[in-house]
1. Residues being without any contact (Cβ under 8 Å) to a residue 60 or more places away in the chain and under 22 Å from Asp58 (Cβ atoms): count how many of those fall in segment 87-116.
2. Could you check, for segment 107-119, whether at least one of its residues is more than 29 Å from Ser9 (Cβ to Cβ), of a type outside the set (Asp, Glu) and at pLDDT below 90?
3. Could you check segment 1-13 and list, in sequence order, the residues that are part of a helix (DSSP H, G or I) and either over 23 Å from Trp75 (Cα atoms) or modelled with pLDDT of 95 or more (or both)?
4. Got a sec? Which of Asp52, Asp11 is open to solvent by 40 Å² or more (accessible area, probe 1.4 Å), acidic (Asp, Glu) and over 19 Å from Ile116 (Cβ atoms)?
5. Being of a type outside the set (Asp, Glu), in contact with a helix residue (DSSP H, G or I) (Cβ under 8 Å, 6 or more places away or on another chain), surrounded by 15 or more Cβ atoms within 10 Å (Cβ to Cβ) and over 28 Å from Lys118 (Cα atoms) is the requirement here; does Leu70 meet it?
Amino acid sequence: MFPTTNENSTDIHDKLLDILNTLIQSTTDATTQLQHRRKRATQLFTMNKWEDVIKEIDDLKTLQAVDDGLLKMEWMAKIQVHMSSIRNLMKEELGTKVLDSIDLFNLYTNIDETGIEKMMNKKSTKKRKADQ
């Protein structure tokens with residue numbers, strides 16, 4: 001189960017997801033299965049599989065098995081999905097104009113997955129510091 005030096009991060013995440021899927025399918029204990037499903041939601045989030053995160057957490061909601069951490073992941077995934085739509089719309093409507101204007105270019109490049117993640121983590125860090 002330990003990765004070899006040839007395996008990259010994506011392969012490791014895919015293997016972990018496969019293991020979680022197998023555990024979920026083969027587990028008969030409802031509590032254990034819920035634990036594996038929560039871990040799968042977290043793994044999907046780590047892999048930036050936003051639509052899958054949303055679906056998994058929606059399924060967990062029907063089982064009343066969602067905590068604040070999963071709700072936060074769900075909303076962060078929804079933000080990523082919507083921002084992706086906005087990026088695509090900007091590309092379609094503005095085309096090369098995005099490259100001609102520094103303001104449009106900065107907006108476009110700051111609403112990618114990394115930019116959104118930075119923004120959400122920055123706000124979260126500021127709140128934690130203020131709470132201390």
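The values are calculated or read from the model by the stated rules, or taken from the named source; none is laboratory data. Owing to the predicted nature of the structure, the values given are computational and were not obtained by experimental measurement. Positions of Cβ are generated from backbone atoms using ideal geometry, with glycine treated the same way; all protein chains shown enter the neighbour counts. Protein only, heavy atoms only, side chains kept; ligands, DNA and RNA dropped before computing areas. Shrake-Rupley method; radii C 1.70, N 1.55, O 1.52, S 1.80 Å.
1. Number of matching residues: 1.
2. Looking only at segment 107-119, we keep the residues that are more than 29 Å from Ser9 (Cβ to Cβ), and these are 107.
Those still in the list that are of a type outside the set (Asp, Glu) too: 107.
Going one step further and asking which of them are at pLDDT below 90, we end up with 107.
Yes: segment 107-119 contains one or more residues that are more than 29 Å from Ser9 (Cβ to Cβ), of a type outside the set (Asp, Glu) and at pLDDT below 90.
3. Ser9, Thr10, Asp11, Ile12
4. Only one candidate passes the filter, namely Asp11.
5. no
Rundown of residues vs (1) in a loop (DSSP other than H, G, I, E, B); (2) among the aromatic types (Phe, Trp, Tyr); (3) touching a residue at least 40 places away in the same chain (Cβ under 8 Å); (4) within 22 Å of Met83 (Cβ to Cβ), yes/no style:
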| site | (1), (2), (3), (4) |
| --- | --- |
| Gln35 | no, no, no, no |
| Lys39 | no, no, no, no |
| Thr42 | no, no, no, yes |
| Phe45 | no, yes, no, yes |
| Asn48 | yes, no, yes, yes |
| Asp52 | no, no, no, yes |
| Glu56 | no, no, no, yes |
| Asp59 | no, no, no, no |
